[in-house]
Amino acid sequence: MPLGARVIILLAGLTLFVLVFEMVRKGRFREELSVVWLVLSVVVASGAFLDRVIDPIAKRIGIYYPPTLVFLFVFILLLLALLYFSIVTSDLKGKVKELSQKVAMLEFQVRESNGGKPS
């Protein structure tokens, strides 16, 4: 891989790391999710040097075009991310339903304590 490509990949990973870190520091991004992004930024930054590791692994498992192994790895990671975010969304949907039911019960109790008059 040419030196220019290595530098660009390294800078992209470092930029992503700093961006995520600043968003967490300013409170615009939750810490739980930031860990995944920080690890991803380190992987992207190290990607400038991973071709020396990926090529032999790909050849050992019978993949003749080594970048295919990278795409397979990224595809699996994206599927896992989608699964995780589906679980989070489902959990939040349940919490919203529970909270809306509690608000409805509180409104009913307030209305009853006011003698049936709307507040």
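What follows is calculated from the coordinates using simple rules that are stated; it is not laboratory data. Computed from a predicted structure; not experimentally measured. FYI the Cβ positions are ideal-geometry reconstructions off the backbone, even for glycines, and counts take in every protein chain you see.
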ask   = Once you charge only the Cβ atoms, +1 for Lys and Arg and -1 for Asp and Glu, what is the size of the charge dipole of the range 63-113 about its Cα centre, to the nearest 20 debye?
value = 20
remark   = Contour minus Cα-Cα span, Ile87 to Leu33, at 0.36 nm per residue, comes to 18.1 nm
query = Tell me, what is the percent relative contact order of the chain, built from C-alpha pairs under 8 Å that lie six or more residues apart?
reply = 19
query = Helix by helix, which DSSP H runs in the chain go 18 Å or more along their axis at the Cα atoms and have an average Kyte-Doolittle hydropathy of 0.5 or more?
reply = 3-25, 31-46, 67-113
key: Hull-based mean projected area of the chain, where the convex hull spans the alpha carbons, in square nanometres   = 11.1
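Tell me, what is the FRET efficiency for Met105 and Glu22 to the nearest 0.05, using R0 = 30 angstrom and their Cβ-Cβ distance as r?
For Met105 and Glu22, the calculated efficiency is 0.10.
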inquiry  = With unit charges on the beta carbons (Lys and Arg positive, Asp and Glu negative) and the dipole taken about the Cα centre of the chain, which residue among Gln101, Trp37, Phe21 sits farthest to the positive side?
reply    = Gln101
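Treating only the Cβ of Lys, Arg, Asp and Glu as charged (+1, +1, -1, -1), what charge dipole size does the chain show about its Cα centre? Round to the nearest 20 debye. All intermediate terms of the calculation are to be shown ahead of the outcome.
Numbers: 14 positive and 9 negative charges, 23 e Å.
In debye, rounded to 20, the chain gives about 120.
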